[in-house]
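The structure appears right after this line, and notes come after that.
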Amino acid sequence: MAGIWSGGLPVLFQKSEFGTAQGGAAPSLWLAGAIANPGRPIDTRDWRARLKDWAEDVELVPDLGQRVGSLTWFRGLATCTALCASAIALSPGFNPIPGTSEPVMDARQFDEVRSQMITPLALGADSGRHMGATDAVSSLKETPERPQVELTAQIGNGDSFARALSRAGVSSADAGRVIGLTGLDLRGDALKPGTRLDIVLGRRISRSVPRPLESLSFRARLDLAIDVTRVNGALQAKRIPIRVDDTPLRIQGTVGESLYRSARAAGAPPKAVQSFLRTLMQQISIGSIGANDRYDIIVAHRRAETGDVEVGDLLYAGLKRARGKDIDMLKWTTGGRTEWFEASGVGERRGVLAQPVSGRMTSGYGMRRHPILGFTRMHAGIDFAAAYGSPIYAATDGVVAFAGRHGGHGNYVKLSHGGGLATGYAHMSRIAAYPGQRVRRGQVIGYVGSSGLSTGPHLHYELYRNGQTVNPSSVSFTTTSQLAGRDLAAFRARLAALKSIRVGAAVQTAQIAGTAKGK
């Protein structure tokens, strides 16, 4: 600690590890010197030096981690010991605080509390002990059977009605009687996967025979439920018809930013929206659909009085365009063939040769130098460069005449289109068709590869007329269906009936519609 004069008054400073700072202590040392020698003049510098020396020599609370064993260290240890002893002497102690204890429970109270304990049943329930056998306990020769067994089964994917009953414990004899009583063809996968079977099995004569079927309830169709019960030892079936409304489901809305999201938000099933988009692609490019265009979707829809619903295929696809020609397409069956027809009665164009793969043409039809054999010879087709594994599509409807390995063609598929016309697809990495298969235009028949005499992944595409190759770029043929007479009248009547379905009708008529903009 040090002091100086400032304005006639002493100012004291307190030493710290980081220098000196102005202290707040009273100037007791200066006053003590002045009182002891009142006649002696005060030397400021002398007191400053003395106070500084005193502050450096005296350390009441030294750092016990430094100068261990010195007098200063022992003085600090004594100070720390005195402080700890004072704290211990002044502490309140750790004696327990007296309080009132709970009275001891009697036997009745203990039993009541024990009954509420959570104790594993394996340890004897609430007793906490294993139950030991006594003379009063004897093992049973056989356990008694339940008089009835109630269970629920379901028809699985690829499952049959008879197999589902057999898994549930129904005998093959009872299953055969049920199938005969229903009057329905329940063989194979006649019932939809997920169909629920409510079964009740009765008491059996012995353990070596299956339980007899007491009752069975299931939904054979949306409009028919069947209850089978055993009366006087014989099974009897009761057919319960269910009223069904077949009014189609109509959904309209504005395309907005996404036709798919808008239709889904309006309540259209995903399968119906996908079919709707594929139908529109036959008429226009999907990219040309505007945000202000309005779609009109009608799908087959059946609603039972029990609340069950079945959604069928797309029946009508309409698009009212802000710019461009509106689209009205109706699915119609004529001549045993189901296809989409425009409102005028014009059907799909069949037989139009389409590009069989998404790629660019790299080599045309004619004479050329073979890149592998090294000599000039006839190139009997055109080549399309495409990425390895790209899908290859049938150029038009036809029947697979050949599918397999074919010399320099590698993996090769040949389609016959009738009238002496055929197409060939070579160098595939994988074939997705089989001989005799009937394919449609745009159906995947294989994937791009580099099998056979090939320098890289591409498709070699050939066109045959009466067995001879011709230039594929020079041939184009079209077959268009056109309704007329009674077929056209029936077609227009059906189209008018579907378009007359009122949007937003009551739920009782199963007409559910929504209008939503894409988000």
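The condition of being in the same structural domain as Val299 (by TED's automatic domain parsing) and in a strand (DSSP E or B) holds for only one of Gly253, Gly267, that being Gly253.
Let's see how each residue does on (1) modelled with pLDDT of 75 or more; (2) under 30 Å from Leu415 (Cβ atoms); (3) of a type outside the set (S, T, N, Q):
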{"position": "Val439", "(1), (2), (3)": "yes, yes, yes"}
{"position": "Gly442", "(1), (2), (3)": "yes, yes, yes"}
{"position": "Gly446", "(1), (2), (3)": "yes, yes, yes"}
{"position": "Thr479", "(1), (2), (3)": "no, yes, no"}
{"position": "Arg486", "(1), (2), (3)": "yes, no, yes"}
{"position": "Arg502", "(1), (2), (3)": "no, no, yes"}
{"position": "Gln508", "(1), (2), (3)": "no, no, no"}
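In region 411-496, which strands (runs of 3 or more DSSP E) lie fully inside it and hold 3 or more residues that are β-branched (Val, Ile, Thr)?
On the way: elements: 411-418, 421-431, 444-448, 458-465, 468-470, 479-482.
Where strands (runs of 3 or more DSSP E) fall fully within region 411-496 and carry at least 3 residues being β-branched (Val, Ile, Thr), they are 444-448.
Taking region 30-146 and the helices (runs of 4 or more DSSP H) fully enclosed by it, no element has 1 or more residues that are modelled with pLDDT of 75 or more and closer than 30 Å to Arg204 by Cα. For region 257-280, the set of residues classified as surrounded by fewer than 17 Cβ atoms within 10 Å (Cβ to Cβ), farther than 14 Å from Tyr316 by Cα and of a type outside the set (Lys, Arg) consists of Glu257, Ser258, Tyr260, Gly267, Pro270, listed by residue number.
When region 212-245 is filtered for residues that are surrounded by 16 or more Cβ atoms within 10 Å (Cβ to Cβ) and charged (D, E, K, R), the ones remaining, listed by number, are Glu214, Arg219, Arg221, Asp223, Arg230. Number of residues in region 316-357 that are closer than 30 Å to Gly389 by Cβ and modelled with pLDDT under 80: the value is 8. Only a single criterion out of (1) surrounded by 12 or more Cβ atoms within 10 Å (Cβ to Cβ); (2) more than 31 Å from the chain's Cα centre (by Cα); (3) assigned to a strand (DSSP E or B) is not satisfied by Thr333, namely (1). Exactly one residue out of Gly452, Gly408 is in contact with a Ser or Thr (Cβ under 9 Å, 6 or more places away or on another chain), modelled with pLDDT under 90 and surrounded by fewer than 22 Cβ atoms within 10 Å (Cβ to Cβ), and it is Gly408.
The values are calculated or read from the model by the stated rules, or taken from the named source; none is laboratory data. Just so it is clear, the structure is predicted and the values come from calculations on it, not from any experiment. As a convention, Cβ positions derive from the backbone with ideal geometry for all residues, glycine included, and neighbour counts pool all protein chains shown.
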